[in-house]
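This report refers to the structure that appears directly beneath it.
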Amino acid sequence: MSISFDNIFGVHSRALNLRNKRAEILAGNLANADTPGYKAQDMDFKAAMDQALRNQNGGSGTNLALTNQKHFAGSALMPDGTRVFRESLQPDTGDGNTVDVSVERMAYMENSIDYQTTLTFLNGKISNLRRVLSGE
């Protein structure tokens, strides 16, 4: 008997992966706060999640086969059209950088809370699965 983790965890495993990708983007913004010409980026989480669900349900997504261990898995790629550039809320300082550190920190913390919430939910699912398998 095989277990389908997609059926057990539902959208939450995909949400966790997307939250991780968003954290990387936001951390990159913070790291480049003083880089001249750097444009702050973000991810449209809703669009990315919608696209991940369409691909899961047999949509137009492609399944990439790993033919070499150095290749990236298709799931490691961010869905097309989900990366966006953030409009600057602060006046231009003359260097073309659009990173507002306070906005980035707030977005990073919000994403972190959402990530932890998803992780807590998945841990609960795993605990329930362990109890079922052990016969409790």
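Structure summary
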read-out: Condition check for Ala33: of a type in the set (A, V, I, L, M), surrounded by 13 or more Cβ atoms within 10 Å (Cβ to Cβ), at pLDDT 75 or above and more than 19 Å from the chain's Cα centre (by Cα); value: yes
read-out: Selection within the range 83-102 - in contact (Cβ under 8 Å) with a residue 24 or more places away in the chain and either in a helix (DSSP H, G or I) or of a type in the set (D, E, K, R) (or both); value: Arg83, Arg86, Asp95, Asp100, Val101
read-out: Residue within the range 16-28 that is touching a Lys or Arg at 6+ places or on another chain (Cβ under 9 Å), touching a residue at least 60 places away in the same chain (Cβ under 8 Å) and surrounded by fewer than 17 Cβ atoms within 10 Å (Cβ to Cβ) present; value: no
read-out: Residue check for Leu119: closer than 15 Å to Ser13 by Cα, surrounded by 10 or more Cβ atoms within 10 Å (Cβ to Cβ) and modelled with pLDDT of 90 or more; value: yes
read-out: Test: residue in the range 40-55 that is among the basic types (Lys, Arg), modelled with pLDDT of 90 or more and buried (at least 17 other Cβ atoms within 10 Å of the Cβ); value: no
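The values are calculated or read from the model by the stated rules, or taken from the named source; none is laboratory data. Worth saying up front: this structure is predicted, and the values here are computed from it rather than measured. Don't worry about glycine lacking a Cβ; one is built from the backbone with ideal geometry, like all the others, and counts go over all protein chains shown.
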